[in-house]
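Accompanying notes for the structure given below.
None of the figures in this text is laboratory data; all of them are computed from the coordinates on show. Computed from a prediction, not measured in an experiment: that's the story for all the values here. We place every Cβ from the backbone using ideal geometry, glycine too, and count neighbours over all the protein chains shown.
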């Protein structure tokens, strides 16, 4: 079980790092993608576009190196739940958007975007399942009490 958790941590961590890098390199494009969700007040969009990619990067690195495994897995699960809700709300409202998960993609038709959004929901649900497993089965390290 230990090896499975390690592999899951590395995979999830690498995905979060890979997703963070293009957003960190181009905050204005990511801010535009966040704006397209039409879920946040305008005053929060730039802050989210600047902070979220760094949070993703830090979580990815911490997952790979096993730092605060349970806490970081829970944070990642929370982020994925937010991403899923954002996509689902836009899908339900008929708002075809790019998820922005891995930066800005090529221009697509509405039909292609709706198809991609459904696939993004499935992908994020699978990643959420991994994060939940990690959060539930990653125990914090316990240290031996020094002798008195």
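Once the Cα atoms of helix 110-137 and of the chain are each reduced to a long axis, what angle between those two axes, in degrees from 0 to 90 to the nearest 10, is obtained? The helix 110-137 is inclined about 10 degrees to the chain. With bins 5 Å wide beginning at 0, the percent of Cα pairs of region 54-129 falling in each bin runs 3, 15, 23, 22, 15, 11, 7, 3, 0.
Protection proxy ranking for 84-92, 38-46, 128-136, 69-77, using the average of other Cβ atoms within 10 Å per residue and placing the highest first: 69-77, 128-136, 84-92, 38-46. Take the Cβ atoms of residue 21 and residue 65, set R0 to 22 Å, and the FRET efficiency comes out at 0.80. Net length available on complete extension from residue 112 to residue 3 is 35.4 nm, with 0.36 nm assigned per residue and the Cα-Cα distance removed. Here the gap between residue 89 and residue 40, fully extended at 0.36 nm per residue and compared with their Cα-Cα distance, gives a gain of 16.4 nm. What's the angle, to the nearest 10 degrees (0 to 90), between helix 42-65's Cα axis and the longest principal axis of the chain? Taking the Cα atoms of the chain, the angle to 42-65 is about 40 degrees.
Each of residue 48 and residue 125 was given a label point 7 Å from its Cα along the Cα-to-Cβ line. The distance between the two points is 2.3 nm.
To the nearest ten degrees, helix 2-25 and the longest principal axis of the Cα atoms of the chain are 40 degrees apart.
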